[in-house]
Structure formats: C-alpha cells, structure tokens
Amino acid sequence: MNSYDVLVIGGGMTGTVAAYELVKQGKKVRMLRNGLGASPGISGFNICGVEKGDDVNKFIEDTIASGRNQGDRKLVDELCYGSLKIQEYLEDLGFEFDKDETGKMKTRKALGSTYGRVVGQGNHTGALVLKILNEKLQEKDNFEVSENLRALRLLIKNNKAYGAYCYDLENKCFKNVYAKAVLLCSGGFAGIFPFTSNSKDISGDGAAMAYEAGCRLVDMEFVQFEPSSAVWPLEIKGKGMITTLFYEGAIMTNNKGERFMFKYSENGERVNKDVLSLAIEKEILAGNGSEHGGIYFDASGVKEERLHEAYEPFITRYANVGINLCKEPVELSNAAHTSLGGVLIDENCHSDIKGLYVAGEAAGHLHGANRIGGSAGAETLIFSRIAAKAILNDIDNLDSLQFSYEPIGGLEKELSLNELEELETKRKEALGEGARVLRNNEALEKAYKEVSDILKQIKESKRSDDDEVNFRRISIENNLIASKAILLSAKERKDSCGCHQRSDYPNNPLNNYHTEVFKKDQTMEISLINN
C-alpha cells in the first residue's frame, strides 16, 4: 500500500485548509472524508478590529471572559491574533465578503462579543469557502481524497504515529493507511448525545482514537449546548436557529407568555450561550416549557425586510414545514452542539504523540468553558494553517513505517449487530441523562457506571467473522470511550463553570484548573491540573 507524507483525518474546513496548504508545498496528502461535519453550517468568522474601537486585546478579553478563564492563554492568543489574517487569506483564495457601500466588511454581533466581529457571505460562508478550496485541490496531482474510508484507530509504534486503521465502507473491509505525519481534525464529539445539532457523521471516533493512542483528553466535561435548536416539527429537529437574531429583536418566552430571560440576566437573551442554556433548562424543569418540551422563540419583533435580507435560509427552513418565522413563534431547546474539550495540544498543534497533530474541534483547551459565536469558524481557518506549518517544519525528521494491525477481541460471546445497537441506545440514554445541561453527582455516577459496564461488555466480546459487525463494534466502542471521558470529567469537576453546571455544586471554582483524562494500564484515569 502507498505511503503518504501526511494523512488528514477529516474533510471539514480544518482538514481542507490544512490539506491545501500542505499540497501547495509539494507534500503528498491523503484525506479521509466521510462527511463535511459542521463546516457547511459555518455562517461566518470572527475577525477583530473591523468595528471602530475593537482590537486584538478586546477580542482576547472577550474570549477569556466568555470561556470563564478556562482557556489556554497561548491558544487564545493564536486565535485572536490569527483572526487579523483571515480577510487577506480568504480574499486571496477568491472569497468575497459581504461589504457595505464604502467597501467595509459587514459585521454581525455574536453572543459573548463586545463588538460585531462575525463576517462572511450571507449564511453560506462555510459551504462557499469549502467549494473554493476543494476546486483548487482537485487540480493537484499530489492530493488524494477517500470518501469511503473511516479511520477508527491510529497506527502507533514507539510513541510515533504512522497512519490509521480504517474501515472501507464501500468494500466492507479493513485497511491500513500509512503516512509520515497524521493530522487529526475529525471534529468534535457532541454528535454522540441523544439530542444534538450535529450531523450523523460526527461521532466519538476522534477523541477515542487519540485516547487509545496515548494522548491526553482535556476538559471533556465542557460541551456547549446550542440553546436554539428546533424540537418541533420533527422534520427539522436539532436544526439550529442563529442567535445573532437576539440582537435584531427576537425574544424567548415560556408557556405562560413570559419573556423569562430577564429572571436570569439583566441583559435578557443577549448573554452567553451557557447562560441561555441553563435558563432554558430551568424553565423546562419548572414546568414552563413549550408543548413539545422546549421554549418559544419569537422573531416577529424583527423587521420582516431584515429577516428576508439576512436570514432567508431560516425563513425557508420553517416555511418548508408550514411555519411563517416572520409571524409565528417556534419551539427550541438545548441540543449538544460543540465540544470545547478534546485532545490536549500546544500552540503548534502538537499532541503527546510524535507525528500526530490535532486541530479544529478535535482539540481542546482553547475556548475554555464557553465559546463565542463566530470563533469556531475562525478556529478552523487559523489552527489548520498552524498545524500545516508545524508539519512542514517537522516532516523531514519524521520517518515512515508500515506494519500490520488488528484490534484484539475478547473471549466472551460475540455480539450481534442488533445487540450492539441496543447497547448503543443504552449508551445514548445514559449520557443524555448524566451529562445534561444541569448535572448532579447521583446522575453522573449512575451514567458513568452504565457506560463503563457497556464498554467492558463490548471490549470482552469476541470479534465477528463479519467485518461490518466489527466496524460497528469499534464505532460504538469509540462512542463509549468518549462518553466515559465526558462523564468522568464532569463527575470529578465538583463546581459549576460555564457550560458545566451542577445543581449540587452551584458555585464557580475557587481555582482555575482543567481536567485531563488519559489511559494507564488499560484503565481510564483523570488528573486535575492547575491552569
């Protein structure tokens, strides 16, 4: 089998930008792309300094404050200073920003930002940038993309990454792909929750692969819930409503018609997403929820002309299910949206494993305990290029090696596909109950035990003669590893901080620290590390 300079695991914005930068420098790149993840939904990128009075220091202050002082300062600096280069980079690619009559980029203000920083083109920014980059990559002979290979394990020897163990979805068999360097940018793990805004291709694979390889996972308890995800109608369940509309005149009400957010903040709906999510959770738990278990989002206070000008995709989405967003309230609630935790990296995207680089939502410790809207998009553009630069600097000192790899099965009875799917359903239910927006020790302990027991059962089961069953077995095992890491981290963080809220420990931490989950002697361990 061919060996490559770089294997890119993930075909979203982070992976595509990094691949483009590497290919431009003549490196032979193989990309595994089973979907585009959340990238097509990127509506814009945070760029500081567009509005008068804004600068890098203010962006840094907002990012740290929004993250409840839990973000790594070196990573925060890379994000905020890197945002200054986004406009030039994208315009050089041929991307056109929305601009006013003076030629200045139009901005939108996101929750958590002091200034308007979100820039882009309409509400299709991510999809447009991906289209431009993929067209350029198709012209390169040193770029290869596989749509049907799904990475499940990293190939590691002597603490060095040499590629990935993958499943061929088309030919239904396992394959090894080898490379000198591996960039893990498979996205986050919020898709493993029972109610999520994520697409189906987002799973626990990335976090689990890194964990099994020997990487530390940081702040896994910090999962940002999207407080504006549709709960009804079922055809659009989980689809997000853009929260910049709160700055245009949209409001939220409960089943009593009360604009309830002023009970929780003097700023009403114009607060960070962690505050919104907690308020919605409390309203629902108090019996003030909407007909289908959410709250009501009302955009009728926004001028209809403005809605059609800037938010047409959302109007169309609801029109397709018989609802006039301009005049009727819609039902929204909290859906697991963004993984703020992930693989621990340094400011150059190095992981604990030589030759393994991690960027985008697969990495943790950047945003802390809450993320500003628009910074996810900026992160993909900035850290993808940081990772590519680090790989280019290191690759002459990275060797290549090919070796066979087969996961070891247990001695207990083989699990059928139906049995595996039943266990996956139980895992989802346990995670959803234990790691909901408002958590407590009893629920966390119960969920942690349930997930641990299911994981043990799967690890001890025999491998099947059917590779399709084995693929599903490893996929579910990966979801269980990620779930266990989330629950262990949430259980051990005995305080409330940002998107991690505990009813039994309602106070903020006295000291800033982060959680690190790691594998030791085949068991999952955790340490609390001072920031």
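Computed values, structure above
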read-out	value
Residue under evaluation T63, criteria (1) at pLDDT 95 or above; (2) surrounded by fewer than 19 Cβ atoms within 10 Å (Cβ to Cβ), criterion not met	(2)
Residue match in region 40-58 (condition: surrounded by fewer than 19 Cβ atoms within 10 Å (Cβ to Cβ), of a type in the set (A, V, I, L, M, F, W, C) and out of contact with any Leu (no Cβ under 8 Å at 6 or more places or on another chain))	no
R270 being modelled with pLDDT under 95, out of contact with any Cys (no Cβ under 8 Å at 6 or more places or on another chain) and of a type in the set (K, R)	yes
Verdict on F174 being assigned by TED's automatic domain parsing to the domain that holds G67, outside any loop (DSSP other than H, G, I, E, B) and over 24 Å from V517 (Cα atoms)	yes
Selected residue (only one of G15, G103, G11 is in a helix (DSSP H, G or I) and either in contact with a strand residue (DSSP E or B) (Cβ under 7 Å, 6 or more places away or on another chain) or free of Cβ contacts under 8 Å to residues at least 12 places away in the same chain (or both))	G15
Residue tally, condition among the aromatic types (F, W, Y) and under 28 Å from K160 (Cα atoms), over region 174-223	4
Checking D298 against (1) touching a residue at least 40 places away in the same chain (Cβ under 8 Å); (2) more than 21 Å from L438 (Cα to Cα); (3) out of contact with any strand residue (DSSP E or B) (no Cβ under 6 Å at 6 or more places or on another chain), the condition it does not meet	(3)
Residue satisfying condition, being of a type in the set (F, W, Y), surrounded by 21 or more Cβ atoms within 10 Å (Cβ to Cβ), touching a helix residue (DSSP H, G or I) at 6+ places or on another chain (Cβ under 7 Å) and over 24 Å from F383 (Cα atoms), within set F225, F193, F174, F189	F193
Answer from A387, A376, A430, A447 - the residue that is in a helix (DSSP H, G or I), at pLDDT below 95, touching a Ser or Thr at 6+ places or on another chain (Cβ under 9 Å) and not acidic (D, E)	A376
Residue match in region 251-263 (condition: more than 21 Å from the chain's Cα centre (by Cα), part of a strand (DSSP E or B) and buried (at least 21 other Cβ atoms within 10 Å of the Cβ))	yes
Near pairs, Cβ below 7 angstrom, 6+ apart or cross-chain, from region 73-95 (surrounded by 14 or more Cβ atoms within 10 Å (Cβ to Cβ)) to any residue that is of a type in the set (G, A, S) and not in a helix (DSSP H, G or I)	L84/G49
Those residues of region 264-291 which are assigned to a loop (DSSP other than H, G, I, E, B) and exposed (fewer than 14 other Cβ atoms within 10 Å of the Cβ), in sequence order	E266, N267, A286, G287, E291
Qualifying residue in region 464-472 (condition: in a loop (DSSP other than H, G, I, E, B), modelled with pLDDT under 95, of a type outside the set (G, A, S) and closer than 21 Å to Q70 by Cα)	no
Count of residues meeting criterion [in contact with a strand residue (DSSP E or B) (Cβ under 7 Å, 6 or more places away or on another chain) and surrounded by 24 or more Cβ atoms within 10 Å (Cβ to Cβ)] in region 352-372	14
Test result for G294, more than 25 Å from the chain's Cα centre (by Cα), assigned by TED's automatic domain parsing to the domain that holds P233 and crowded, with 19+ Cβ neighbours inside 10 Å	no
Selected residue (only one of Y115, Y81 is in contact with a helix residue (DSSP H, G or I) (Cβ under 9 Å, 6 or more places away or on another chain), closer than 13 Å to G49 by Cα and in a loop (DSSP other than H, G, I, E, B))	Y115
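The values are calculated or read from the model by the stated rules, or taken from the named source; none is laboratory data. Being a predicted model, the structure only gives us computed values, none of them experimental. Note that we place each Cβ from the backbone using ideal geometry, even for glycine, and neighbour counts take in every protein chain shown.
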